[in-house]
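Asker: Take this structure first; my questions come after.
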Amino acid sequence: MNALLNRALGERRGAIGLAVLAVIIFLIMPLALDIFRLNLVGKYLTYAFAAVGLVMVWGYGGILSLGQGVFFGFGGYCMAMFLKLEASDLASTAHQTTPGIPDFMDWNQVTQLPMIWQPFHSFAFTVFAIIAVPLLISYIISAAMFKRRVGGVYFSIITQAIAAILTILVVGQQGLTGGINGITDLKTLNGWNINTDSAKYLLYFINGALLFGVIMVCNLVLSSKLGRLLLALRDKEDRVRFSGYDVANFKIFIFCMGAVISAIGGAMFTLQVGFMSPSIIGIVPSIEMVIFAAIGGRMSLVGAVYGTLIVNYGKTAFSESFPSLWLLFMGAMFIGVVMVFPNGLAGLYQSYLKDRVALVLSRIKKVKSSDPLKVVKAES
Amino acid sequence: MSEKIALSIEDLTVSFDGFKAVDKLSLYVEKNELRVIIGTNGAGKTTVLDLICGKTRATSGTINLNGTELTRYPEHKIVQLGVGRKFQTPSIYENLTVLENLEISYPEGRGVFGSLTFKRTEQVTQRILEVAETIFLTEFLNTQSGLLSHGQKQWLEIGMLLIQDPELLMLDEPVAGMSVSEREKTADLLNKICQGRSVIVIEHDMEFVKRIAHKVTVLHQGKLLAEGNMESVQNNPKVIEVYLGH
């Protein structure tokens, strides 16, 4: 049990990194920021799920997915459907032509709740769907591709195409999905008002805890033989295949895992931001997620979280003052990552700061071990 | 030798857009036998190995290992049925240590969930140590394999196959790029590991072939040109013609 926990924390080195991140997320942020800003950080942290998923899929799996927004969207929409149904009770929709259905359906002359909306009355089903729907879709996509040995750039293009197709589909099916506006005006979760400050605080902490849970599960996977196999696969795929492994299954597994992680983030996004719309699931947000992971360092789970926070903070800060410059700036950052620091912030840390940190730590230890009492004890 | 036949290839043909890289080839390898395949460039040596291990699909013909027809199985199944293949250039995982390379090749936990729950048990460690000793890499177990010398990488890949205990071991130019002393060691290694299984080696170095081969098969333009012990093959006028004259 202890060994398992140790692996989940990423051994000693990983545990220190996680602890630092925990202090920032659970202590410094809530103390330093007002609820409006903290809620923004909470929103960024939901993107961090997608970035962490990409570290697994892209960094370790070697599969560049340009459609992670799709899975983020599946999680987000599942949650939004549940919340919307709860917000559309008979009393508050009494003025509609058909009371008891979501408002946008009424505007679109839909007179009956569609079949696929029915099960989202149940919260248990919704939680199940948040995991199961992206799992199923990602399985179908990846099995269809990897079993036929489609990979590399072709796979990336296909995932991007799927993101485009899905956005068009969601926008086009206005009566079913709320169209371009998405699903808005969400109020309560099982009667609990999610728009109050206290709810926002609580959701922020739940979100953070889930993110840590996900990172720990990822650590477990990476420290197993499967993690080493992923590295081996990126290095010499044929050698793995001719060592008796069905290579496709491992790629499918890691792609599905990334999809589910992304979907959890999407569900938390809906809860904290209070709506879900196609603008969050399309090509642009999907590529932004790749940039978060790239800037944080695509081989570092913790780095991906920092990358997400920094890029999004920059986005908010910049676009408040120079809205049109932001995209150029982000493009420049991406070029910078590719050309100057290919392993992202985590890579910079590894090559410039790590040794100094280790030096400081060892000095602290020395001071402790030169404690005269201890020396005497050791001698006697 | 009256050992039973382990691998039998019959009428094997593969054609790439009409070009027959292997043409109606029949080949029988016995258990405990070390067979060397030689031939000029483009004779189809590597293609034969590709066909056996499933990397290339045969156009027609059969490949039978101890009673199992291999041609209808995917690559990883063929490995599980007991075929190990070493590639021409050392194909190891350079980012992992020697120990991890061998561990990944250990034939257990080959499924997704099996690999998640795989544990390095006493038995696994024991087997890794055993193989590491056979391939002269005991002292390098914790070395990142990318740092090994070229010859050591070749040995490591052989070790990665040995740990699977295959019925049929196929080595494509195992001594390419090795020093003289490394060649000596490799020859001893091959003589040792062909016990209890069949080994097919592709090699160009005739001195080395002489040292290891039980039997030699000469391929030419995808067809069998000659077969027999080293001496008879060397004196075969057809072989001399192909190698020397035009």
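Asker: Report, ordered by chain and residue number, the lysines lying within cross-link reach of B:K45, taken as a straight Cα distance under 17 Å and ignoring same-chain residues fewer than 8 apart.
Answerer: B:K20, B:K24, B:K55, B:K86, B:K215, B:K223
Asker: Per residue of chain A, what 222 nm ellipticity follows from adding -39500 (n - 2.57) for every DSSP H run with n ≥ 4, rounded to the nearest 500?
Answerer: Counting only the DSSP helices, I get -22500 deg cm²/dmol.
Asker: For chain B, treating each Cα as an identical point scatterer without solvent, what Debye log10 I(q)/I(0) comes out at q = 0.14 1/Å?
Answerer: -0.95
Asker: In sequence order, what are the phi-derived ³J(HN,Hα) couplings for region B:114-124 according to the Karplus relation 6.51 cos²θ - 1.76 cosθ + 1.60 with θ = phi - 60°, rounded to whole Hz, with x for glycine and proline?
Answerer: x, 6, 5, 9, 4, 10, 7, 6, 4, 4, 5
Asker: Got a sec? Charge dipole of the protein assembly as shown, +1 on Cβ for Lys and Arg, -1 for Asp and Glu; which of A:I116, B:T89, A:M330 is way out at the positive end?
Answerer: Highest projection toward the positive end goes to A:M330.
Asker: Ranked from highest to lowest mean number of other Cβ atoms within 10 Å per residue, what is the order of the peptides A:271-282, A:151-162?
Answerer: Output ranking for A:271-282, A:151-162: A:271-282, A:151-162.
Asker: Further question on the same structure: If you line up the long axis of helix A:197-223 against the longest principal axis of chain A, both from Cα atoms, how many degrees apart are they, to the nearest 10?
Answerer: For A:197-223 against chain A, the angle is about 60 degrees.
Asker: While we're on this one: What's the center-to-center distance, using Cα atoms, between region B:201-225 and region B:101-129 in Å?
Answerer: Here the answer is 35 Å between Cα centres.
Asker: Students sometimes get this wrong: rank A:L211, A:L189 by accessible area, probe 1.4 Å, all chains present, largest first.
Answerer: Descending order: A:L189, A:L211.
Asker: In whole percent, what relative contact order does region A:142-241 give with Cα contacts below 8 Å and a gap of six or more residues?
Answerer: Result for region A:142-241 is 7 percent.
Asker: Further, regarding this structure: Can you pull the one-decimal nm distance between simple spin-label points at A:T316 and B:T62, each 7 Å off the Cα toward Cβ?
Answerer: Between A:T316 and B:T62, the simple spin-label model gives 7.1 nm.
Asker: Within 10 Å of each Cβ in B:102-110, how many Cβ atoms from other chains are there, averaged over the peptide?
Answerer: 4
Asker: Please report the relative contact order for region A:41-283, taking Cα pairs under 8 Å with a sequence separation of at least 6, and give it as a percent rounded to a whole number.
Answerer: For region A:41-283, the relative contact order is 45 percent.
Asker: Which order do the peptides B:96-105, A:125-134, B:64-73 take when ranked by the mean count of other beta-carbon atoms within 10 Å per residue, highest first?
Answerer: Order by mean packing, descending: B:96-105, A:125-134, B:64-73.
Asker: Which value at 222 nm does chain B reach when only helices count, each DSSP H run of 4 or more adding -39,500 (n - 2.57), with the total divided by all residues and rounded to the nearest 500 deg cm²/dmol?
Answerer: Theoretical 222 nm ellipticity from helices: -10000 deg cm²/dmol.
Asker: Quick one: if you stick a label point 7 Å off each Cα along the C-beta vector at A:F125 and A:D355, how many nm between them?
Answerer: 6.1 nm
Asker: Next up: Around B:M170, which amide H atoms from residues at least 5 apart in sequence, or from another chain, sit under 5 Å from its own amide H, with H modelled in the peptide plane?
Answerer: Hits under the 5 Å cutoff: B:G84, B:R85, B:K86, B:I200.
Asker: Within 10 Å of each Cβ in A:231-237, how many Cβ atoms from other chains are there, averaged over the peptide?
Answerer: Shielding by partners across A:231-237 averages 5.
Asker: Would you mind getting the accessible area per residue of region A:41-283, heavy atoms of the protein chains only, 1.4 Å probe, in Å²?
Answerer: Per residue, region A:41-283 has 37 Å² of solvent-accessible surface.
Asker: Further question: Where Rh is the Kirkwood radius over the Cα pairs of region A:41-283, the temperature 37 °C and the viscosity 0.692 mPa s, what D in µm²/s does Stokes-Einstein return?
Answerer: Estimated via Stokes-Einstein, D reaches 175 µm²/s.
Asker: Provide the solvent-accessible area of A:V340, counting protein heavy atoms only and rolling a 1.4 Å probe, rounded to the nearest 10 Å².
Answerer: A:V340 has an accessible surface of roughly 110 Å² with all protein chains in place.
Asker: Relative contact order, percent, of chain B when contacts are C-alpha pairs under 8 Å separated by at least 6 residues?
Answerer: 27 percent
Asker: Now for a different question. Provide the per residue accessible area, probe 1.4 Å, for region B:93-165, rounded to a whole number of square angstrom.
Answerer: Per residue, region B:93-165 has 43 Å² of solvent-accessible surface.
Asker: Can you list the aspartates and glutamates whose alpha carbon is less than 18 Å from that of A:K187, not counting same-chain residues fewer than 8 positions off?
Answerer: A:E86, A:D89, A:D103, A:D197
Asker: Computed over the Cα atoms, what is the radius of gyration of the protein assembly as shown divided by 2.2 N^0.38 Å, N being its residue count?
Answerer: 1.20
Asker: Using label points projected 7 Å from each Cα along Cα→Cβ, tell me how many nm separate A:D89 and A:A143, to one decimal.
Answerer: Each label point is offset 7 Å from its Cα along the Cβ direction, giving 4.1 nm.
Asker: Using the beta-carbon distance between B:E130 and A:V23 and R0 = 51 Å, what value does 1/(1 + (r/R0)^6) give for FRET efficiency, to the nearest 0.05?
Answerer: Once rounded, the FRET efficiency stands at 0.60.
Asker: Additional query: With all protein chains present, calculate the accessible area of B:S179 using a 1.4 Å probe and round the result to the nearest 10 Å².
Answerer: Roll a 1.4 Å probe over it and B:S179 shows about 50 Å².
Asker: If the chain between B:F16 and B:S232 were fully stretched, how many nm would it gain, using 0.36 nm times the residue separation less the Cα-Cα distance?
Answerer: 74.5 nm
Asker: Shifting gears a bit: What list of ³J(HN,Hα) values in whole Hz, one per residue of region B:177-185 in order, does the Karplus curve 6.51 cos²θ - 1.76 cosθ + 1.60 (θ = phi - 60°) give from phi, with Gly and Pro shown as x?
Answerer: Values, residue by residue: x, 9, 6, 4, 5, 5, 4, 4, 4 Hz.
Asker: What Kirkwood hydrodynamic radius, in Å, does region A:125-233 give when the mean of 1/r is taken over all pairs of distinct Cα atoms and then inverted?
Answerer: When all Cα pairs of region A:125-233 are included, the Kirkwood radius is 17.9 Å.
Asker: Assuming a ≥ b ≥ c are the square roots of the Cα gyration tensor eigenvalues, decide whether region A:238-289 counts as rounded (a/c under 1.5), prolate (otherwise, with a/b larger than b/c) or oblate.
Answerer: prolate
Asker: Going toward the positive end of the dipole of region B:82-206, with +1 on Lys and Arg Cβ and -1 on Asp and Glu Cβ, which of B:M206, B:G177, B:A132 do you reach last?
Answerer: With unit charges placed on the Cβ atoms, the residue in question is B:A132.
Asker: Once the Cβ-Cβ distance between A:I168 and A:T188 is put in as r, and R0 is 35 Å, what FRET efficiency do you end up with, to the nearest 0.05?
Answerer: 0.65
Asker: How big, on average over all directions, is the shadow cast by the Cα convex hull of region B:93-165, in nm²?
Answerer: Average of the hull's projected areas for region B:93-165 equals 4.6 nm².
Asker: Could I ask something else about it? Taking beta carbons within 10 Å but only from partner chains, what does the mean come to for residues B:87-96?
Answerer: Whole-number average of other-chain Cβ neighbours for B:87-96 is 4.
Asker: Give, in nm to one decimal, the length gained when the segment between A:V150 and A:F329 is fully stretched (0.36 nm per residue of separation minus the Cα-Cα distance).
Answerer: Computed gain between A:V150 and A:F329 is 61.1 nm.
Asker: Report, to the nearest 10°, how far helix B:150-162 tilts away from the longest principal axis of the Cα atoms in chain B, using its own Cα long axis and a range of 0 to 90°.
Answerer: 90 degrees
Asker: Summarise the accessible area of the protein assembly as shown (1.4 Å probe, protein heavy atoms) by the percent that is carbon and sulfur.
Answerer: Heavy-atom surface of the protein assembly as shown belonging to carbon and sulfur, 1.4 Å probe: 61 percent.
Asker: While we're on this one: For chain B, set up a Gaussian network in which alpha carbons nearer than 10 Å are linked by springs, and say which option among B:P166, B:P74, B:P174 fluctuates the most.
Answerer: Fluctuation is largest for B:P74.
Asker: Under a cut-off of 16 Å between alpha-carbon atoms, report the lysines in cross-link reach of A:K251, not counting same-chain residues fewer than 8 places apart.
Answerer: Answer for A:K251, where 16 Å is the Cα cut-off: A:K147, A:K225, A:K236, listed by chain and number.
Asker: Per residue of region A:45-56, in order, report the coupling 6.51 cos²θ - 1.76 cosθ + 1.60 (Karplus, θ = phi - 60°) as ³J(HN,Hα) in whole Hz, putting x for Gly and Pro.
Answerer: 5, 5, 5, 4, 4, 4, 5, 4, x, 5, 4, 5
Asker: Same structure, new question: Heavy atoms of the protein only, probe of 1.4 Å, neighbouring chains included. What is the accessible area of B:E133 in Å², nearest 10?
Answerer: Counting only protein heavy atoms, the figure is 130 Å².
The values are calculated or read from the model by the stated rules, or taken from the named source; none is laboratory data. Everything numeric in this text was worked out from a predicted model, so none of it was measured. A quick note on method: Cβ atoms are made from the backbone with ideal geometry, for glycine too, and the neighbour counts reach across all protein chains shown. Each accessible area value is taken on the protein alone, full model and side chains, heavy atoms only, with ligands, DNA and RNA left out. Shrake-Rupley method; radii C 1.70, N 1.55, O 1.52, S 1.80 Å.
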